[in-house]
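The values are calculated or read from the model by the stated rules, or taken from the named source; none is laboratory data. Not measured: the values here are computed from a predicted model. Positions of Cβ are backbone-derived with ideal geometry, glycine not excepted, and every protein chain shown enters the neighbour counts. The accessibility values were calculated without ligands, DNA or RNA, using every heavy atom of the protein model including side chains. Shrake-Rupley method; radii C 1.70, N 1.55, O 1.52, S 1.80 Å.
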Amino acid sequence: LRHRIIWLVECAFAHLGDQCHLAVGMLSNVLIHRSNQNDSAVKLAAVQALSTIAYDPPENFISFLNQPDNLIESLYILTNELEEVDNKAEPLSLVQLLLTTFMISNEYIDDDKMITSIVRPLEQIWNSSVDQYLMLRSSVLSILRSVAAFGKNHAINLQPVTLPLLDHALDPNNHEHTFLVADSLDLWLSMLRFSTVYDSNWCIIFHRTKQLLQQDLEHLKKLMLITEGYILLGGASFWNNHSSSLELIMKLIIGNISARGAMYANLVLEALLKTVPVEGTSMLLNSGVVATMLRSIAETYNDEDHCEPYEVINMYLTIISRVLLATPNNMRIVAAYADECNNFGFCQVVDLYFQQFNNLYDPPRQKLWTMLLLSLLLPPNLDFICSTNLLTTFNFNRILQCSLNVLQEKATLTPYSVGYDSEEETLTLHVGNHEFLNNALSAKDPCYATDFRAFYLDAMRTFQNTVDAAHFQNLLQSVDKQLLSNLDLAVTVK
């Protein structure tokens with residue numbers, strides 16, 4: 001009879017109007033209060049009824065529940081009592097639905113007692129979910145991800161329970177956990193993006209990124225987002241502990257991934273070179289990653305079969321810009337790598353900057369490219385550039401035209417983005433501290449921090465004082481007078 005009453009309440013709930021709070025209170029009491037009359041079947045029916053209501057909850061739904069923390073505890077107890085896998089999964093699904101309603105209504109998300117009651121039993125449920133119950137571990141990960149998305153300091157408080165579970169789930173030797181990898185990465189990323197503190201606990205599982213990428217590139221996107229998150233959160237401290245792993249990761253993927261995957265890899269490269277520009281540059285040069293990029297650039301320049309699209313080549317050119325601006329003395333090394341490519345050399349690299357400038361559609365990177373081109377006119381690069389016959393009147397004109405374009409650019413500069421697709425939209429919601437860290441790092445980036453007007457004027461002044469006066473006048477006389485007039489106007493107007 002009780003089972004049928006619960007079924008009738010579920011069916012009639014939409015028509016209860018002002019009395020719906022009585023139905024919600026009754027259903028939660030069935031689960032909370034111990035009674036011989038409420039066997040597992042009755043409680044399961046109450047779970048199903050509450051789940052139906054929670055999918056489209058009425059206003060003030062949370063306030064209708066009796067003792068939500070005790071309700072969640074009762075749902076975990078019921079999970080342990082039930083025998084069938086599908087039945088055991090239903091109380092856990094209701095817990096996740098309740099967490100969603102907590103977030104929407106902004107209820108309990110700051111309640112440490114509530115968070116503890118939600119998280120503490122999950123480790124036991126995980127450990128007991130073996131053999132035919134293994135699928136329940138996916139529900140555990142989903143609940144933890146929902147708690148992490150509450151923000152505040154919960155991501156840090158989750159570490160003692162969550163990081164060992166993630167390490168276990170992502171172990172490549174645990175083949176039975178293959179189905180958990182995607183959910184585990186989602187949880188890992190969510191925790192990173194809501195964390196405000198980097199500590200040694202995060203080091204427990206970073207080695208799994210390298211292992212998963214060595215296995216295959218199926219989860220490249222999420223692993224790149226996670227790696228970027230580590231760099232943003234941990235900064236130089238993370239680099240000091242994991243530089244060798246980052247080197248191996250970059251060597252594994254650069255040149256071996258799709259154009260879409262390269263956009264995600266570029267998130268990591270840009271974060272790295274903005275965080276530790278000199279050290280990151282050294283790693284990319286010494287590991288052969290820059291050489292790999294230049295080979296790909298050469299293949300595309302020569303239109304070879306299966307070459308990478310210009311979308312990727314432009315990313316590589318941006319990374320090389322960062323490398324050479326951070327460490328100008330490495331220009332000869334980069335040029336030597338380029339000269340080793342078939343039918344290609346550093347002159348062609350510079351030519352590509354000019355060719356692709358207007359195809360970049362990215363003002364911050366256009367600024368970065370132009371800063372590199374202007375740096376060719378400055379010591380210590382000038383002697384080398386003169387020896388390669390790159391300093392022609394044609395190239396000088398092109399450098400000035402690029403400079404004018406940047407000086408006239410009025411668009412708001414925005415951080416590098418990979419855009420959106422259906423898969424990652426769930427990953428970019430509620431980005432939490434990640435957005436703050438990214439913006440803070442971008443504020444120090446040459447793309448944003450450098451006053452280009454001052455950079456341009458200083459570069460031209462230094463160039464004029466360094467080269468032979470007759471040579472400078474010859475170059476200047478080759479420039480279109482309208483271009484010179486526009487440049488004068490652009491540097492005058494602040």
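Given segment 339-414, what helices (runs of 4 or more DSSP H) lie entirely inside it while holding 2 or more residues that are free of Cβ contacts under 8 Å to residues at least 24 places away in the same chain?
By residue number, 346-356, 381-387.
Can you find a residue in segment 321-330 that is surrounded by fewer than 21 Cβ atoms within 10 Å (Cβ to Cβ), closer than 22 Å to Leu269 by Cβ and touching a residue at least 60 places away in the same chain (Cβ under 8 Å)?
Looking through segment 321-330, at least one residue is surrounded by fewer than 21 Cβ atoms within 10 Å (Cβ to Cβ), closer than 22 Å to Leu269 by Cβ and touching a residue at least 60 places away in the same chain (Cβ under 8 Å).
Residue-wise test of (1) modelled with pLDDT of 95 or more; (2) within 22 Å of Gln408 (Cα to Cα).
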| residue | (1), (2) |
| --- | --- |
| Asn433 | no, no |
| Tyr448 | no, yes |
| Leu457 | yes, yes |
| Ala470 | no, no |
| Lys481 | no, yes |
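Looking at segment 34-45, which of its residues are over 19 Å from Pro121 (Cβ atoms) and either part of a loop (DSSP other than H, G, I, E, B) or open to solvent by less than 30 Å² (accessible area, probe 1.4 Å) (or both)?
Within segment 34-45, Ser35, Asn36, Gln37, Asn38, Asp39, Val42, Ala45 meet the criteria.
Is it the case that segment 343-361 has a residue that's more than 18 Å from Thr300 (Cα to Cα) and either open to solvent by less than 40 Å² (accessible area, probe 1.4 Å) or not hydrophobic (A, V, I, L, M, F, W, C) (or both)?
Yes: one or more hits.
Could you list all residues from segment 96-110 that are in contact with a Ser or Thr (Cβ under 9 Å, 6 or more places away or on another chain) and under 14 Å from Ala148 (Cα atoms)?
Of everything in segment 96-110, those that are in contact with a Ser or Thr (Cβ under 9 Å, 6 or more places away or on another chain) and under 14 Å from Ala148 (Cα atoms) turn out to be Gln96, Leu99, Thr100, Phe102, Met103.
Would you confirm, using the coordinates I've provided, whether Phe179 is among the aromatic types (Phe, Trp, Tyr), open to solvent by 10 Å² or more (accessible area, probe 1.4 Å) and over 29 Å from Lys113 (Cα atoms)?
Answer is yes for this residue.
Given (1) more than 30 Å from Met103 (Cα to Cα); (2) in a helix (DSSP H, G or I); (3) open to solvent by 30 Å² or more (accessible area, probe 1.4 Å), where does Lys221 come up short, assuming only one miss?
That leaves (1) as the condition not met.
Going through segment 464-494 one residue at a time, which ones are surrounded by 11 or more Cβ atoms within 10 Å (Cβ to Cβ) and either closer than 19 Å to Pro446 by Cβ or of a type in the set (Val, Ile, Thr) (or both)?
Hits for segment 464-494 are Thr466, Val467, Val479, Val491.
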